[in-house]
1. Filter the stretch 339-379 down to residues that are of a type in the set (Gly, Ala, Ser) and outside any helix (DSSP H, G or I) and give me whichever is surrounded by the fewest Cβ atoms within 10 Å (Cβ to Cβ).
2. Scan the stretch 558-581 for residues that are surrounded by fewer than 16 Cβ atoms within 10 Å (Cβ to Cβ) and of a type in the set (Lys, Arg) and jot them down.
3. Any residue that is touching a Pro at 6+ places or on another chain (Cβ under 6 Å), within 12 Å of ALA93 (Cβ to Cβ) and among the charged types (D, E, K, R) - is there at least one of those in the stretch 558-568?
4. Can you go through VAL99, VAL76 and tell me which one is within 30 Å of SER342 (Cα to Cα) and not in a loop (DSSP other than H, G, I, E, B)?
5. Give the residue that is least open to solvent (accessible area, probe 1.4 Å), with candidates limited to residues of the stretch 123-138 that are free of Cβ contacts under 8 Å to residues at least 12 places away in the same chain and part of a helix (DSSP H, G or I).
6. Could you tell me whether ALA187 is in contact with a strand residue (DSSP E or B) (Cβ under 7 Å, 6 or more places away or on another chain), at pLDDT below 85 and either open to solvent by less than 70 Å² (accessible area, probe 1.4 Å) or not in a loop (DSSP other than H, G, I, E, B) (or both)?
7. Which one is modelled with the lowest pLDDT, of the residues in the stretch 529-548 that are open to solvent by 30 Å² or more (accessible area, probe 1.4 Å) and part of a helix (DSSP H, G or I)?
Amino acid sequence: MCYNKFMKISPTAFINADPHIVLKSVFGYDRFRPLQEEIITSILKGRDTLGVMPTGGGKSVCYQLPALIFPGLTVVVSPLISLMHDQVSSLEASGIHSVFLNSSLEWEEYLAAAGEIRRGEVKIVYVSPEGLSTGRIRDLLSSSDVSVSCFTIDEAHCISEWGHDFRPDYLEIRSIRNLFPKAVMLALTATATEQVRQDIIRNLSLQSPEVFVSSFNRENIFLEVQPKRNGLEQVIECIKKHPGDSGIIYCNSRKQTDELTSKLDKMGYSVLNYHAGLSDQVRTKNQDMFIKDEVQIIVATVAFGMGIDKPDVRFVINYDLPKSLAEYYQEIGRAGRDGLPSDALLLFSAGDIHKIRFFFQDAADPQKSEILLQGMINYASSHHCRRKSLLAYFGEKYSSPDDSVEAKQRCCDVCRNGTMPLKDVTVPAQKLMSCIIRTKQRFGAAYVIDVLTGNLSKRIAENGHNKLSTWNIGDEFSKDGWFELLELLIEEQLIARTGEYKILEITPSGKSFLVNRNELYLPISDFGSMKFAKKSRAYKNDEKASQIIQKLKDWRKRKADDMNVPPYVIFNDKTLLDIAAKKPLSKSALLNVYGIGSAKAESFGKSLIEIVSDVISN
């Protein structure tokens, strides 16, 4: 990293300064985002604090800004080396000298960083949970010439076994409290249910902490679920809606990741893969190319993303069903971190459910895994507002402040398409429930639907179920359609799943429905009818602004390559849009642009003004 080209802010320049002054002069922001000011005020008062804020909600500022005000060092515990590199790059671009201490450093580099820490030249140091437990780093932080003001635990949900990224190494962090009793502790996470929050407080030994829980609502992300009919075609349809935009496609297996990457690559798309089966060198190379906009799309397993701070990801596709809503929320949260319109598409297939459950036998707590998965299934199969369902999982009640047609178009596929009309499913429901009875209520969903749709498998033949009156009578729907109907009948409490193997049984209400021959109307979807909402493009009618944006992107890419940092470290897209809108022609005008502080105005101001002036004058 070439940090020597950035202007540096003196480590003592903002000690005891007003947070609002620091926010504007260093970070270039006019106002705090929700809960940032409250969290910052709490830790500046010396209170242990837990902050739960959505991805893209501005968690980093909650410790970076106080770090400039505190007289001593702020130590940030971060789970991934890539995340440390990313954060240090961004801080250095803003003039804040910071370092990381991890295994990527050569011994000479480590000694140089340790020397800077001892001399008080560093405001923020990043370490891993494993690194923090080593005697070498603890001795460094405990030395007489180092004063630690704050410990920040990033991705704090990793300390909870109910968290989707549980890491045992995080449990060792609590011992640091005994070594540094005067340092304030801040825990930050984007995804935490009440149970996870209590685990964080207990496992970190937070002392009477202030707890701030922001809204989990990411209004700029459009939520959509499609039944997986032809996954490749659906992925391509989404990519075509985002020409030239960055996107992430998540798969549950390395094999699926490699296969999808290969297919897209052969079709001419700019795409690379990422999973734990690749070498460290290849993974790092592929991630860096994505971060630096040298490749448009990453197809990845869940191993990818926690350390990615890329703000301009415009779409996230879940090719397979995530194992929990917390995992899903974390993944889609990587879209639109800059607040601009972005899409989250989930392809839902009942087959994914069975694949996930197959691995429960190896899970530490299969019952817990099933509870988490069921929440994901309920979300994917729901016919109600997806935003409301997603926020409810985190204990938040959602009520749209805007009931206009435009607001519904931006919310989710269910709201955009309107209330799904009720359809007469009396006969299909009778067929499905009769098939459950004919197979003696001893099998799960996949087997029953195989009988209903005429799958002559070896198991079905051995059981003689191909001779049942309900074998091969289910021609109303595809298998996905039958699985959708099944979920609806379970919601109506006509069918229940029971036992470890999720055997289907008819409930008393279901038996009454069959005996009385009642009619049944349910909101079952027409597969293939869901389309992507059209995304508006900012400034599309402003020719000068469009020219400025393109020239700024070209300049940003060249500058980033020259400094060996990701383009968004220079400026994110939101800043480029604001420059194009305000068209500043002086350094003082640049300071009124979103995301431009004094250091960046000094480092890049001349080039920005020349670009704007050149476009305006031509």
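1. We begin by selecting, within the stretch 339-379, every residue of a type in the set (Gly, Ala, Ser); these are 339, 342, 344, 349-351, 363-364, 369, 375.
Then drop every residue that is not outside any helix (DSSP H, G or I), which leaves 339, 342, 344, 349, 363-364.
Details: GLY339: 17, SER342: 26, ALA344: 25, SER349: 20, ALA363: 13, ALA364: 8.
Within the stretch 339-379, the match that is surrounded by the fewest Cβ atoms within 10 Å (Cβ to Cβ) is ALA364.
2. ARG558
3. Looking only at the stretch 558-568, we keep the residues that are touching a Pro at 6+ places or on another chain (Cβ under 6 Å), and these are 560, 568.
From what's left, within 12 Å of ALA93 (Cβ to Cβ): 560, 568.
Those left that are additionally among the charged types (D, E, K, R): none.
The answer is no; no qualifying residue exists.
4. That would be VAL76, the only listed residue that is within 30 Å of SER342 (Cα to Cα) and not in a loop (DSSP other than H, G, I, E, B).
5. GLY135
6. no
7. Out of the qualifying residues, it is GLU543.
Residue-by-condition table, conditions (1) assigned to a helix (DSSP H, G or I); (2) crowded, with 16+ Cβ neighbours inside 10 Å; (3) charged (D, E, K, R); (4) within 21 Å of the chain's Cα centre (by Cα):
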site	(1), (2), (3), (4)
GLU121	no, no, yes, no
LEU140	yes, yes, no, no
SER144	no, no, no, no
CYS150	no, yes, no, no
TYR170	yes, yes, no, yes
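The values are calculated or read from the model by the stated rules, or taken from the named source; none is laboratory data. None of these values were measured; they are calculated from a predicted model. Every residue, glycine among them, receives a Cβ derived from its backbone with ideal geometry; neighbour counts consider all protein chains shown. Surface areas here come from the heavy atoms of the whole protein model, side chains and all, with no ligands, DNA or RNA. Shrake-Rupley method; radii C 1.70, N 1.55, O 1.52, S 1.80 Å.
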